[in-house]
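Quick notes on the structure that follows.
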Amino acid sequence: MDDHLNLKLKKMKTFSESVKRRASLYSDLSKVHSSATAPSLRALQKAPAPGTKLKKIGFIIFWIPEPTGVTNLIAGPMILAGKYLEKVYNGSTIHDIGNETKNTVSSIHDFKKSIL
C-alpha cells in the first residue's frame, strides 16, 4: 500500500514539474518583444473569434425589419455557421492557457498538501 502511494506521489511530482515548466515557458514567451515575432504573439494574445462575430452579425441581420424576409434567409445560415465555428475554432489565447495552467498548479499543490 505504501509503495502504491509513493508511486502515485512520484507521478504527481513529475506532473507538477511539467506544469510548472509549461507555465514558465508561457510567461517567458509573452515577454518576448521582437518585430519578427510580434504578429505571432499578437495572434496568441488576441485570438480572433470568427464564429462569435458571424453569429452576432447574423442576429443583427435577423432582427432588421424587412417585409420580404430575405434577411431572415441570410441570417439563419449565418447564425448556424457561427455556432459551428465556435465549436470547431478554438479562440483561446495564451492568457487563457496561462490561467488554466495556474489553476492546475494550485489544485495539484492543494492535493499534495492534503496527502502529506
Exercise. Quick one: which of LEU41, LEU29, LEU85, LEU25 is at pLDDT 80 or above and among the hydrophobic types (A, V, I, L, M, F, W, C)?
Worked result: LEU85
For this session: Determine whether ILE61 is at pLDDT 80 or above, of a type in the set (A, V, I, L, M) and touching a Ser or Thr at 6+ places or on another chain (Cβ under 9 Å).
Result: yes
Problem set entry | Flag for ILE108 being more than 17 Å from the chain's Cα centre (by Cα), within 30 Å of PHE15 (Cα to Cα) and in contact (Cβ under 8 Å) with a residue 12 or more places away in the chain | yes
Exercise. Which of the residues that make up the range 57-91 are surrounded by 13 or more Cβ atoms within 10 Å (Cβ to Cβ) and in a loop (DSSP other than H, G, I, E, B)?
Worked result: TYR89, GLY91
Problem set entry | Selected residue (criterion: modelled with the highest pLDDT) from residues of the range 44-56 that are open to solvent by 80 Å² or more (accessible area, probe 1.4 Å) and assigned to a helix (DSSP H, G or I) | LYS56
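The values are calculated or read from the model by the stated rules, or taken from the named source; none is laboratory data. Predicted model, so just to flag it, every value in this text is computed and none were measured. Here Cβ is always computed from backbone atoms with ideal geometry, including for glycine, and neighbour counts include all displayed protein chains. Please note that ligands, DNA and RNA were not included when accessible areas were found on the heavy atoms of the full protein model with its side chains. Shrake-Rupley method; radii C 1.70, N 1.55, O 1.52, S 1.80 Å.
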